[in-house]
Amino acid sequence: MKPVRLLTAATLLLTAVTGAFAQEAAREMPGTDDVSRISGGTYTVDPDHTQIVWTVDHMGITPLAGMFGASAGTLVLDPSKPDEAKLEVTIPMAGLRVTSEEFATHLASPDLFDTAKFPTATFKSSKITVEGSDATIEGELTLHGVTKPVTMDVSFFGAGINPMTKVENIGFTGTTEIKRSDFGLGYGVPAISDEVALDIVAAFIKQP
């Protein structure tokens, strides 16, 4: 066989093998993006796998990001009536993760989050509009002692039985944008952008 044909044959074989492995891996994944796998009921926040990543424009030089987790919260969901779902989440400000200890200390200070005075933030939904596996969630965010309306765009990511706990888990991704100054957090504006992009990964655990 000529070298070019040999290379082509090897490439086709590798593609076939890779595809077979990918299909097998997909079959073995505990969760899939099939909404029929959501049984419904009350779910609590999975604090180990819930992330809220914020990003600001830092002086026009770089995007700058940090991350919060969520310590508690509930999602009440009936798959036959998704628009009637209710969501409440609590976010501990002390859970902030950034690139250096000095930066974290400044963010926690009275200049910004003032975590000693405002140890948590909360979000509570007021209206959920569902279209297929996507949703718009309107609600109230309380941050730094200020409550403002916030709207999130959310997509269902997956559901399945966690093989470690043998319990149903469901997950979503979401995005929104807020202004720091709306919550009394305008330190550094405009050199540091007032607009904050939020990218959310939310995981929930089915309760008995």
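The values are calculated or read from the model by the stated rules, or taken from the named source; none is laboratory data. As the structure is a prediction and not an experimental result, all values here were calculated from the model. Glycine also receives a Cβ, built like all others from the backbone with ideal geometry; neighbour counts cover every protein chain displayed. Keep in mind that these areas ignore ligands, DNA and RNA; they rest on the heavy atoms of the full protein, side chains included. Shrake-Rupley method; radii C 1.70, N 1.55, O 1.52, S 1.80 Å.
Determine the gain in length on full extension of the stretch T129-E28; use 0.36 nm per residue of separation and subtract their C-alpha separation, reporting nm with one decimal.
33.1 nm
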- Mind grabbing the accessible area of S125 for me, 1.4 Å probe, Å², rounded to tens? 20 Å²
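Give me the 1.4 Å probe accessible area per residue for the stretch 57-208, excluding ligands and nucleic acids, in Å². Present the calculation step by step, with values, prior to reporting the outcome.
Details: 8490 Å² over 152 residues.
Using a 1.4 Å probe on heavy atoms only, each residue of the stretch 57-208 averages 56 Å².
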- Please calculate the 1.4 Å probe accessible area of F172, with all protein chains present, and give it to the nearest 10 Å². 40 Å²
- Looking at the P(r) of the chain, how many percent of alpha-carbon pairs lie beyond 30 Å? 37 percent
- Could you give the angle, 0 to 90 degrees to the nearest 10, between helix 3-28's Cα long axis and the longest principal axis of the Cα atoms of the chain? 60 degrees
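Could you order E28, E131 so the one with the most accessible surface comes first? Probe is 1.4 Å.
Working: E28 125, E131 150 Å².
Largest accessible area first, the residues go E131, E28.
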- Inter-probe distance in nm under a simple model that places probes 7 Å from Cα toward Cβ, at T74 and D199: 3.2 nm
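Evaluate the Kirkwood expression for the hydrodynamic radius of the stretch 100-208, namely the inverse of the mean inverse distance over all pairs of different C-alpha atoms, and round to one decimal in Å. Show your work: numbers first, answer last.
Values: mean 1/r = 0.0622 Å⁻¹.
It works out to 16.1 Å.
Which value, in debye to the nearest 20, gives the size of the charge dipole of the stretch 77-162 about its Cα centre, when Lys and Arg are +1 and Asp and Glu are -1 at the Cβ? Before the final figure, lay out each step's value.
Values: 7 positive and 13 negative charges, 41 e Å.
In debye, rounded to 20, the stretch 77-162 gives about 200.
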- Of T99, T175, A85, whose Cα points farthest to the positive end of the dipole of the stretch 55-208 (charges on the beta-carbon: +1 Lys, Arg; -1 Asp, Glu; origin at the Cα centre)? A85
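For an R0 of 25 angstrom, estimate the FRET efficiency from the Cβ-Cβ distance between I192 and T44 and round to the nearest 0.05. Each step should come with its number before you reach the end.
Working: r = 35 Å, r/R0 = 1.39.
With R0 = 25 Å, the Cβ-Cβ based efficiency is 0.10.
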